[in-house]
């Protein structure tokens, strides 16, 4: 698929050009974005993936950061609004 190929090419370029950027876990990041968009609202997707990056940048593993975000999304889903 062209979109998938373009996205893979873009990720490769990011990894090559940005010093210190670890290999991107594209599927995990897109899944977090999808969950945020469907649980909260569409604009929550980029904000949530940014927060994921901040957590990882602070030294948390991406798996642990994902667990934090998943917990927040789960609590949002059950909170009364």
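Quick notes
- Fewest-first ordering of 25, 64 by other beta carbons within 10 Å of each residue's beta carbon gives 64, 25.
- Cα-Cα separations in the chain greater than 22 Å, expressed as whole percent: 30
- Each helix, a run of at least 4 DSSP H residues, gives -39500 (n - 2.57); summed and divided by the residues of the chain, these come to -24500 deg cm²/dmol at 222 nm.
- Arranged from fewest to most other beta-carbon atoms within 10 Å of their beta carbon, 4, 48 become 4, 48.
- Proxy reagent accessibility, fewest Cβ within 10 Å first, across 66, 42: 42, 66
Read the figures in this text as sums done on the coordinates, not as results from a lab. Bear in mind that the values here come from a model prediction, so they are computed numbers and not experimental data. Every residue, glycine as well, gets a Cβ built from its backbone with ideal geometry; the counts of neighbours run over all protein chains shown.
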